[in-house]
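The next block holds one structure in the form of structure tokens; read it before the comments.
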Amino acid sequence: MAGLSRPSRSRAIRWGGLVVAVIAVALVVVTLARGGSDGAASAERSDPAWCTPGTQRTALCPHSKVFEAKEYAVHGNAFECISFASQADAQAVLRANPGDPNHLDDGGGVACRGLPGPRDTKPVAGIAQHFKCGPGDTRSALCPQSKRSFDPRYFLRYGNDAYDCPDFASQADAQAVLRFEPTDPNHLDDDGKGIACPDLAGAKDVKPVRRATP
């Protein structure tokens, strides 16, 4: 059987090339579509299957949008810090009932400092005023006596952004914490100049600390 004529062979090559191009484009489109859906799925973090719509946000269902702080403040000592998805949620419960039946207060009106963010470390009004300093409590804004001992490790015990400048009795104390841990997990030196909480009153220590990378 004779081979294809030259024009027929040319047409076959063109059609073959067109088919290959169409297949390649289709593969690219499918790949992009899959990547986009995977990205959307990862962006929309979902809770486990047992967290039905309307389930309260907790450590077990951390992505639920439903959170009613009063529900956690009326059952006595029924919840602990590990029950909450974030420090801000625990703080909302403390704010809802400053009597703190769950014993969430870490001292001075701030709940569960060791929990992850989002954070709300603004003290609950009225609690700080009733805080009583014990003999072994480190110097802080709650226990500001100059003769009281100061341990920078106290403000690093959670290893995250658990303390703010208003938690310190003086700028020098905040600087001592930055000097002890130059990675600055508490973000006391946000401008990176090596000086913690420059606007704090009291004793000063403005010798810059060489910052370290976390």
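List of remarks:
- Other residues within the sphere of radius under 10 Å centred on the Cβ of Gly109, judged by their own Cβ, net out at -1 (K and R +1, D and E -1).
- Relative contact order, whole percent, for the range 78-214 stands at 17, derived from Cα pairs under 8 Å and 6 or more residues apart.
- For the range 44-202, the equivalent ellipsoid derived from the Cα gyration tensor has semi-axes of 31, 19, 11 Å, listed largest first.
- Taking a point 7 Å from the Cα of Asn97 along the Cα-to-Cβ direction, the residues of the range 45-74 with backbone N closer than 13 Å to it are 69-74.
- For Lys204, the lysines whose Cα falls under 18 Å of its own Cα, not counting residues fewer than eight places away in the same chain, are Lys147, Lys193.
- The residues neighbouring Arg119, those whose beta-carbon lies less than 12 Å from its own, together hold a net charge of -2 under the Lys/Arg +1, Asp/Glu -1 convention.
- Centre separation in Å (Cα based) which lies between the range 104-137 and the range 153-173: 12 Å
- Measuring r between the beta carbons of Phe180 and Lys132 and using R0 = 25 Å, the FRET efficiency lands at 0.40.
- Our coupling estimate for the range 134-146, obtained by passing each phi through the Karplus curve with A = 6.51, B = -1.76, C = 1.60 and θ = phi - 60°, is x, x, x, 6, 5, 5, 7, 5, 7, 10, x, 4, 5 Hz, Gly and Pro reported as x.
Bear in mind that the values in this text are calculations on the coordinates, not laboratory data. Values in this document were obtained by computation on a predicted structure and should not be read as measured data. Positions of Cβ are generated from backbone atoms using ideal geometry, with glycine treated the same way; all protein chains shown enter the neighbour counts.
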